[in-house]
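Since the structure comes first, as C-alpha cells, the remarks are kept for the end.
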C-alpha cells in the first residue's frame, strides 16, 4: 500500500512521515512537497519525493499516481484553502486514490470559529467525492502557545480572551501519531469522524499556573475583551488579520468550542496525550 502526505515538509507533515517510517517501509511513503530542496532528509531515508503545490492541479495529478491512501493536510493560506483542497481532491479522484484522510478542526460541524467554514466546505466536498474519506478533526496544538508561554514566563502574565473556557489541547506529535494510526489501520476508515483532543482540559488560568511552576515564578492569567486582545497581538507584531483570528479563537474557547472528552485521540495513539508541561519546558528553554 502506498500512502501519500501533502505538505510533507511542514511541521505536522514531517511528524506524520516520521510516524509512518516507524510503522513500515519508506518505499511505500510518498512525500508531496512544494520545494524539493527542503525534502533532502526525507529522500535520504528512502521516502518518495514528488513535487506539487495545492495550486497546480496537473502536478497534483502526477504526484498522486499510484497512491492508495492520501493524507490531505489542510493548507495554511486562510481564505484560499477551499479551492486548494478542491484541487487535491479532484486530482485524487482522477488518480484513483482509495481513501482520503483530512485534517479538519475540532467540532467543525458546529464550531463558530473563524477557521471553521473552510474546513466545513472541504468536508462537504469530500462527502460528495467518490473516494471514501475520514475526518481527523484536530483540536488546538499546545505549540500554538509557544510564543505566549515564553512571554508569560518572562513577564509573569499570560494574556488572552478565553474567560474560563477549557482547551483540550495536545502536542502536534500526538495528532501526527493519530493520523499515522488511521492511515495504517487494517479497519475500514471511510466515513469515520474523529474528534481529537488531549487529556488535559485546561483554562488559561490553569495554563498560567503550569507556566509559573515550570518557570519557578508566579504567572497570572489576565483576561481581556476579544478586541483588546487582538490589539495587543497586533501591537506585538502579529499581522492584523491573524491577530483577529487568534483572538476569535480565544472567544471560541470561552464558548467551549476547543474542548472535548471524546477520547478519540487516546484510542488511536494508545496512550495519554503529551503533558503540556513538556511543551512549556521546551518553550522556556
message = Being in contact (Cβ under 8 Å) with a residue 12 or more places away in the chain and surrounded by fewer than 17 Cβ atoms within 10 Å (Cβ to Cβ) is true for just one of 149, 100, 193, 89. Which residue is that?
response = 193
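Would you mind finding the one in 148, 153, 187, 176 that is assigned by TED's automatic domain parsing to the domain that holds residue 21 and in a helix (DSSP H, G or I)?
Going through 148, 153, 187, 176 in turn, just one is assigned by TED's automatic domain parsing to the domain that holds residue 21 and in a helix (DSSP H, G or I): 176.
Residue-by-condition table, conditions (1) in the same structural domain as residue 243 (by TED's automatic domain parsing); (2) more than 27 Å from residue 256 (Cβ to Cβ):
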position	(1), (2)
91	no, yes
98	no, yes
113	no, no
120	no, no
158	yes, no
182	no, no
191	no, no
request  = For region 237-269, enumerate the residues that are free of Cβ contacts under 8 Å to residues at least 40 places away in the same chain and part of a loop (DSSP other than H, G, I, E, B).
outcome  = 237, 238, 239, 263
Filter result for residue 104 (at pLDDT 95 or above and closer than 18 Å to residue 190 by Cβ) = yes
query = Looking at this structure, is residue 106 within 29 Å of residue 251 (Cβ to Cβ), surrounded by 23 or more Cβ atoms within 10 Å (Cβ to Cβ) and touching a helix residue (DSSP H, G or I) at 6+ places or on another chain (Cβ under 9 Å)?
reply = no
ask   = residue 113 versus (1) surrounded by fewer than 22 Cβ atoms within 10 Å (Cβ to Cβ); (2) assigned to a helix (DSSP H, G or I); (3) in contact with a helix residue (DSSP H, G or I) (Cβ under 6 Å, 6 or more places away or on another chain): which is the lone unmet condition?
value = (2)
query = In region 79-104, which residue that is touching a strand residue (DSSP E or B) at 6+ places or on another chain (Cβ under 6 Å) and outside any helix (DSSP H, G or I) is farthest from residue 175 (Cα to Cα)?
reply = 97
Residue under evaluation residue 134, criteria (1) over 30 Å from residue 28 (Cα atoms); (2) in contact with a helix residue (DSSP H, G or I) (Cβ under 8 Å, 6 or more places away or on another chain); (3) in the same structural domain as residue 89 (by TED's automatic domain parsing), criterion not met = (1)
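The rows are residues; the columns are (1) closer than 22 Å to residue 105 by Cβ; (2) touching a helix residue (DSSP H, G or I) at 6+ places or on another chain (Cβ under 7 Å); (3) modelled with pLDDT of 95 or more.
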residue	(1), (2), (3)
142	yes, yes, yes
159	no, yes, yes
171	yes, yes, yes
174	yes, yes, yes
178	yes, yes, yes
200	yes, yes, yes
234	no, yes, no
237	no, no, no
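Could you please let me know if residue 115 is within 18 Å of residue 245 (Cα to Cα), modelled with pLDDT under 95 and within 15 Å of the chain's Cα centre (by Cα)? Even if it seems obvious, please write down each step before you answer.
On the way: within 18 Å of residue 245 (Cα to Cα): yes; modelled with pLDDT under 95: yes; within 15 Å of the chain's Cα centre (by Cα): yes.
It is true that residue 115 is within 18 Å of residue 245 (Cα to Cα), modelled with pLDDT under 95 and within 15 Å of the chain's Cα centre (by Cα).
The values are calculated or read from the model by the stated rules, or taken from the named source; none is laboratory data. Predicted model only: the values in this text are computed from it and were never measured. Virtual Cβ from ideal backbone geometry, glycine too; neighbours counted across all protein chains shown.
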